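Chemist: Take a look at the following structure, please.
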Amino acid sequence: KNQVEQSPQSLIILEGKNCTLQCNYTVSPFSNLRWYKQDTGRGPVSLTIMTFSENTKSNGRYTATLDADTKQSSLHITASQLSDSASYICVVSFTSGGSYIPTFGRGTSLIVHP
Amino acid sequence: NAGVTQTPKFQVLKTGQSMTLQCAQDMNHNSMYWYRQDPGMGLRLIYYSASEGTTDKGEVPNGYNVSRLNKREFSLRLESAAPSQTSVYFCASRSWTSTYEQYFGPGTRLTVT
């Protein structure tokens, strides 16, 4: 069964500190991996997208890595800000019959304290 | 561009009532999706429409029906609401030419009593 596991489930850090979120998946055949940020009460917004051949992608203070051999990804947040408080969701997609099927992780809830 | 819009934002239903959640996108995207999000769970795919005129079941389709009315609109219908359908519902769309990115609406918070 295709699964996406994220860790930790929740994380509290101080403003200005760095943190790393983890994502392990068993989705096959792999198409792409995305990290989303979801603020409370809003829909998810894409941060990064990586395909099989990419092993790192940055978006400002967010850097995602992908190891397709071990089926692991990480999202590193540098110099955290209060506005980074949100849920971060890892999404891994496979293709089936020409359609594109995403599988969502449960998310990591990040709280940044001043 | 409004992106993906959903109506209503909030809804309270009694068990057994029916309702339709509306979703529209103005980005000329081919594919559209309906998800539900429950506390402690990841988003789960209910139904999707790869292109206008086609719909397919996702992971949790029971109790729901969908209609891809045209390229812009994709509606989700609950024929006989149950308390287990209390959730936040998100609609999303995707272009075949984009780098796999989905764009999400703001969500509909549904409570069934």
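Chemist: Looking at the stretch A:49-71 only, could you name the residues that are within 14 Å of A:F30 (Cα to Cα), part of a strand (DSSP E or B) and touching a strand residue (DSSP E or B) at 6+ places or on another chain (Cβ under 6 Å)?
Modeler: A:I49, A:M50, A:T51, A:L66
Chemist: What is the one condition in (1) closer than 22 Å to A:K1 by Cβ; (2) touching a residue at least 40 places away in the same chain (Cβ under 8 Å) that B:N28 does not satisfy?
Modeler: Failing condition for B:N28: (1).
Chemist: Only residues that are more than 10 Å from every other protein chain (Cβ to nearest Cβ) and surrounded by 17 or more Cβ atoms within 10 Å (Cβ to Cβ): list them for the stretch B:76-93, please. Before the answer, list the steps.
Modeler: Step one: of the stretch B:76-93, the residues more than 10 Å from every other protein chain (Cβ to nearest Cβ) are B:76-87, B:89, B:93.
B:L76, B:L78, B:A81, B:Q85, B:S87, B:Y89, B:S93, listed by residue number.
Chemist: For the stretch B:39-62, name all the residues that are surrounded by 14 or more Cβ atoms within 10 Å (Cβ to Cβ), in a loop (DSSP other than H, G, I, E, B) and more than 10 Å from every other protein chain (Cβ to nearest Cβ).
Modeler: B:E52, B:T55, B:V60, B:P61
Chemist: Only one of A:V91, A:V112 is more than 11 Å from chain B (Cβ to nearest Cβ) and either in contact with an Asp or Glu (Cβ under 6 Å, 6 or more places away or on another chain) or of a type in the set (V, I, T) (or both). Can you tell me which? I'd like the intermediate steps shown before the answer.
Modeler: Working: A:V91 fails: more than 11 Å from chain B (Cβ to nearest Cβ).
Within the list A:V91, A:V112, the selection yields A:V112.
Chemist: If you check A:S74 against the conditions, is it away from chain B (no Cβ under 14 Å) and either part of a strand (DSSP E or B) or touching a helix residue (DSSP H, G or I) at 6+ places or on another chain (Cβ under 8 Å) (or both)?
Modeler: Details: away from chain B (no Cβ under 14 Å): yes; either part of a strand (DSSP E or B) or touching a helix residue (DSSP H, G or I) at 6+ places or on another chain (Cβ under 8 Å) (or both): yes.
In short, yes.
Chemist: Continuing with this model, one more query. Could you list, in sequence order, all residues of the stretch B:63-106 that are of a type outside the set (D, E, K, R), more than 18 Å from A:F104 (Cβ to Cβ) and not in a loop (DSSP other than H, G, I, E, B)?
Modeler: Answer for the stretch B:63-106, where residues must be of a type outside the set (D, E, K, R), more than 18 Å from A:F104 (Cβ to Cβ) and not in a loop (DSSP other than H, G, I, E, B): B:N65, B:V66, B:S67, B:F74, B:S75, B:L78, B:P83, B:S84, B:Q85.
Chemist: In addition: Scan A:F104, A:F52 and give me the residue that is of a type in the set (F, W, Y) and more than 11 Å from the chain's Cα centre (by Cα). Spell out how you get there, then give the answer.
Modeler: Details: A:F104 fails: more than 11 Å from the chain's Cα centre (by Cα).
Checking each option against the conditions leaves just A:F52.
Chemist: To continue, here is another question. Checking A:G41 against (1) within 14 Å of chain B (Cβ to nearest Cβ); (2) at negative phi; (3) over 10 Å from the mean Cα position of the chain (by Cα): exactly one of these is not met. Which one?
Modeler: Single failed check for A:G41: (2).
Chemist: While we're here: Looking for whichever is part of a strand (DSSP E or B), touching a residue at least 40 places away in the same chain (Cβ under 8 Å) and crowded, with 17+ Cβ neighbours inside 10 Å here; the options are A:S80, A:S93, A:S46. Which one fits? Break it down into steps so the answer makes sense when it comes.
Modeler: On the way: A:S80 fails: part of a strand (DSSP E or B); A:S46 fails: touching a residue at least 40 places away in the same chain (Cβ under 8 Å).
Every option except A:S93 fails the conditions.
Chemist: Condition check: charged (D, E, K, R), surrounded by 16 or more Cβ atoms within 10 Å (Cβ to Cβ), under 29 Å from A:C90 (Cβ atoms) and within 12 Å of chain A (Cβ to nearest Cβ). Does B:R36 satisfy that? Outline the logic, then answer.
Modeler: On the way: charged (D, E, K, R): yes; surrounded by 16 or more Cβ atoms within 10 Å (Cβ to Cβ): yes; under 29 Å from A:C90 (Cβ atoms): yes; within 12 Å of chain A (Cβ to nearest Cβ): yes.
When the stated conditions are applied, B:R36 passes them.
Per-residue answers, yes or no, for (1) small (G, A, S); (2) farther than 28 Å from B:V88 by Cβ:
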| residue | (1), (2) |
| --- | --- |
| A:E5 | no, no |
| A:Q9 | no, no |
| A:S46 | yes, no |
| A:M50 | no, no |
| A:T56 | no, yes |
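Chemist: Ok, one more. How many residues are within 13 Å of B:Y33 (Cβ to Cβ) and either free of Cβ contacts under 8 Å to residues at least 12 places away in the same chain or out of contact with any Lys or Arg (no Cβ under 9 Å at 6 or more places or on another chain) (or both) when one looks only at the stretch B:49-72?
Modeler: First, pick out the residues of the stretch B:49-72 that are within 13 Å of B:Y33 (Cβ to Cβ): B:49-51, B:54-61, B:64, B:66, B:68.
Going one step further and asking which of them are either free of Cβ contacts under 8 Å to residues at least 12 places away in the same chain or out of contact with any Lys or Arg (no Cβ under 9 Å at 6 or more places or on another chain) (or both), we end up with B:50, B:56-57, B:61, B:68.
Residues that pass the stated criteria total 5.
Chemist: Follow-up. Being on the phi < 0 side of the Ramachandran plot and touching a helix residue (DSSP H, G or I) at 6+ places or on another chain (Cβ under 8 Å) is true for just one of A:V91, A:V112. Which residue is that? Let's see the steps before the verdict.
Modeler: Numbers: A:V91 fails: touching a helix residue (DSSP H, G or I) at 6+ places or on another chain (Cβ under 8 Å).
Within the list A:V91, A:V112, the selection yields A:V112.
Chemist: Filter the stretch A:11-43 for residues that are exposed (fewer than 13 other Cβ atoms within 10 Å of the Cβ), under 30 Å from B:T5 (Cα atoms) and among the polar types (S, T, N, Q) and give the result.
Modeler: A:T40
No lab work stands behind these numbers, since they all come straight from the coordinates. Predicted model, so just to flag it, every value in this text is computed and none were measured. Quick reminder, even Gly has a Cβ in these numbers, built from the backbone with ideal geometry, and neighbours come from all protein chains shown.
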